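Colleague: Before we start, here is the structure in question, set down as C-alpha cells.
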Amino acid sequence: MADRDTLIKILDLARWAPSGDNTQPWRFESVADHHIAVHGHDTRDWCLYDFDGHASHMAHGALLETLRIAASGFALRAQWARRAGTPDSAPVFDVQLADDPALAADPLIPFIETRCVQRRPLQSTPLTAAQRAALQAAPGPGYSVRLFESLPERRQIARLLWANAHIRLTCPEAYPVHKTVIEWGARFSTDRIPEEAVGVDPLTARLMRWVMKSWARVDFFNRYLLGTVAPRIQLDYLPAIRCAAHVLISRETAAQTVEDYVDAGAAMQRVWLTAESVGLRLQPEMTPLIFRWYAAQRRSVSRLPQIDAAVARVGAQVDAVLGAEGRAVFFCRVGSGTAPHARSLRRPLAELMVAPGAGISN
Ligand SMILES: Cc1cc2nc3c(=O)[nH]c(=O)nc-3n(C[C@H](O)[C@H](O)[C@H](O)COP(=O)(O)O)c2cc1C
C-alpha cells in the first residue's frame, strides 16, 4: 500500500539519484497516497554546463528512474508523465504508484545509496565478459553502448579530455560555477561537491583553494605558472588512461525534447547502478559532450573568442574520436577501484518536500 510512510521511504531513497554538481534540481510534493509530484527546475541561468537545461533534465530522469526502482521494493509500480503546460525550465512530473503484488523488487535497489562518483584513477584491469555484457544491456531499448577499452583508445580520449579541461580551467564564465559548486575544505557535502571528492592531491587542493579566491589569481596562475597542468594531469589525463574503459551511451535518434533528455537520464542511471552492481566505479565525463552541444548550435560559451574557438575544436574532436553524430547523451569512464573516501551527500528529505499546492522556491 502506498501510504504516507511508504512514500516517504521511497522518496528518501530516490533522492540519492545523481545530478550535475549535486544540484538536486527537484522538490517533492505528496499529492495523495498514490500520487507524488516532482517539481523540477534547471540551472541554466547560472551554470554554463547546464546547456538548455539538458543536464538537469537528465538528472530528473535519473531521479524518476530511481524512484521507480525504489517503489518496486514495496510492490508498487511507478509511472510518470510530464504535467502539460509546465515550462521546460521547471517541468513538473506526476508520478502515479499502483499496487502490483506480482512486481518483483528491482535487483538494483541495494546500489541506489552506495553508487557515487569516483574521480580518482581506477584499475586498468580489463572488463570481464560479464561486466561488458551487463553494461551493454543496461540502458535498454533505444540506446547503444560503445566501449573504448584499448590503450590507444584510452590515450586518444586522454588527449581529448586534456584539451577539454583547458577550456574549463581558463574560461572566465566557468570560474564562478566551479567556485560555487565545490564545498572547499569538506569531505562530505549535502548540497555541493566536497573538495576532497574532486580528485586532486591535498597539496594541489590547498593551492586550488587559494587560487580560486579570485579570477585575477586564476588568470595569473594559468598564464605565468602553468596553473592548468597539475589539475589536468590529475583530473583528466591520468584517470583517462587508468581505467578499464570509457563508455559512450547514444540514442538511436537524437534527443530533442525535455522528455528525450529525461529518458536519457533514466538510461544513464540504469548504467550507473548496473556498473556499481558488477563492481565497477564510474565517473561521468560530460563536459566534452556539453561543449559539443554548444559547438553544434554555434552558441557562445565565453566572451573570449579564443575559448569559443577551442570549444569548436573540442566539438570536432568529440565527433572524430567518439563518433555517434550528435546522438550521444552520456560519456563516462569505469573500472574497479576502492570506494572514494569523500562524497556528495544529499539535502535532508524534509528540505526537499513542499507543501501540497505550495509555490516552489529553489
Ligand atoms: C547529467 C550529469 C552530468 C554529470 N557530469 C559530471 C562530470 O562531467 N564530471 C563529474 O565529475 N561528475 C559529473 N556528474 C556527477 C555529479 O557531480 C554527481 O552525481 C553529484 O555531485 C552527486 O554525487 P554522487 O553521484 O557521488 O552521489 C554528473 C552527473 C549528472 C547527473
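The values are calculated or read from the model by the stated rules, or taken from the named source; none is laboratory data. Keep in mind that what you see is a predicted model, and the values were worked out from it rather than measured. Positions of Cβ are generated from backbone atoms using ideal geometry, with glycine treated the same way; all protein chains shown enter the neighbour counts. The accessibility values were calculated without ligands, DNA or RNA, using every heavy atom of the protein model including side chains. Shrake-Rupley method; radii C 1.70, N 1.55, O 1.52, S 1.80 Å.
Colleague: Can you give me the number of residues within the stretch 168-199 that are under 30 Å from R313 (Cβ atoms), within 12 Å of the ligand (Cβ to nearest atom) and without any contact (Cβ under 8 Å) to a residue 60 or more places away in the chain?
Modeller: Residues meeting the conditions: 2.
Colleague: Let me ask you something else. In this structure, is Y294 more than 22 Å from F93 (Cα to Cα), open to solvent by 30 Å² or more (accessible area, probe 1.4 Å) and away from the ligand (no atom under 14 Å from the Cβ)?
Modeller: In short, no.
Colleague: Hey, can you tell me all the residues within the stretch 253-286 that are within 19 Å of E325 (Cα to Cα), open to solvent by 30 Å² or more (accessible area, probe 1.4 Å) and within 12 Å of the ligand (Cβ to nearest atom)?
Modeller: Of everything in the stretch 253-286, just one residue is within 19 Å of E325 (Cα to Cα), open to solvent by 30 Å² or more (accessible area, probe 1.4 Å) and within 12 Å of the ligand (Cβ to nearest atom), namely M286.
Colleague: Ok, one more. Could you figure out which of (1) more than 15 Å from the ligand (Cβ to nearest atom); (2) closer than 28 Å to Y294 by Cβ; (3) in contact with a helix residue (DSSP H, G or I) (Cβ under 6 Å, 6 or more places away or on another chain) isn't true of R146?
Modeller: Looking at each condition in turn, R146 falls short on (3).
Colleague: Inspect all residues belonging to the stretch 239-252 and state whether any of them is out of contact with any strand residue (DSSP E or B) (no Cβ under 8 Å at 6 or more places or on another chain), at pLDDT 95 or above and either over 23 Å from V329 (Cβ atoms) or buried (at least 18 other Cβ atoms within 10 Å of the Cβ) (or both). Reasoning before the result, please.
Modeller: Residues of the stretch 239-252 out of contact with any strand residue (DSSP E or B) (no Cβ under 8 Å at 6 or more places or on another chain): 241.
Applying the additional criterion that residues be at pLDDT 95 or above yields 241.
Checking the rest, the ones that are also either over 23 Å from V329 (Cβ atoms) or buried (at least 18 other Cβ atoms within 10 Å of the Cβ) (or both) come to 241.
Looking through the stretch 239-252, at least one residue is out of contact with any strand residue (DSSP E or B) (no Cβ under 8 Å at 6 or more places or on another chain), at pLDDT 95 or above and either over 23 Å from V329 (Cβ atoms) or buried (at least 18 other Cβ atoms within 10 Å of the Cβ) (or both).
Colleague: Among the residues in the stretch 305-325, are any at pLDDT below 95 and within 17 Å of A55 (Cα to Cα)?
Modeller: no
Colleague: With (1) closer than 20 Å to H57 by Cα; (2) assigned to a helix (DSSP H, G or I); (3) touching a Pro at 6+ places or on another chain (Cβ under 6 Å) as the list, and V318 as the residue in question, which single condition is left unmet?
Modeller: If we test V318 against (1) closer than 20 Å to H57 by Cα; (2) assigned to a helix (DSSP H, G or I); (3) touching a Pro at 6+ places or on another chain (Cβ under 6 Å), just (1) comes out false.
Colleague: Just for the stretch 321-357: of the residues that are of a type outside the set (A, V, I, L, M, F, W, C) and in a strand (DSSP E or B), which one is surrounded by the fewest Cβ atoms within 10 Å (Cβ to Cβ)?
Modeller: Taking the stretch 321-357 and keeping what is of a type outside the set (A, V, I, L, M, F, W, C), we get 323, 325-327, 333, 335-338, 340-341, 343-344, 346-348, 351, 356-357.
Still in the running and in a strand (DSSP E or B): 333, 335, 343-344.
On the way: R333: 27, G335: 25, R343: 18, S344: 24.
Taking the candidates together, the pick is R343.
Colleague: Additional query: Report, ordered by the first and then the second residue, all pairs with beta carbons closer than 8 Å, sequence separation of six or more or different chains, a first member in the stretch 1-23 that is without any contact (Cβ under 8 Å) to a residue 40 or more places away in the chain, and a second member that is more than 15 Å from the ligand (Cβ to nearest atom).
Modeller: D3/D33; R4/S30; R4/D33
Colleague: Within the stretch 329-345, count every residue that is more than 9 Å from A197 (Cβ to Cβ), within 12 Å of the ligand (Cβ to nearest atom) and of a type in the set (A, V, I, L, M).
Modeller: The qualifying residues number 3.
Colleague: Let me ask you something else. Output the residues belonging to the stretch 144-169 that are open to solvent by 30 Å² or more (accessible area, probe 1.4 Å) and either of a type in the set (D, E) or not in a helix (DSSP H, G or I) (or both). Quick ask: steps written out before the conclusion?
Modeller: Residues of the stretch 144-169 open to solvent by 30 Å² or more (accessible area, probe 1.4 Å): 144, 146, 149-153, 155-156, 159, 162-163, 166, 168-169.
Answer for the stretch 144-169, where residues must be open to solvent by 30 Å² or more (accessible area, probe 1.4 Å) and either of a type in the set (D, E) or not in a helix (DSSP H, G or I) (or both): S144, R146, E149, S150, E153.
Colleague: Inside the stretch 201-295, counting only helices (runs of 4 or more DSSP H) that do not spill past its ends, which hold 1 or more residues that are in contact (Cβ under 8 Å) with a residue 24 or more places away in the chain and under 30 Å from W80 (Cα atoms)?
Modeller: Per the criteria, 258-277.
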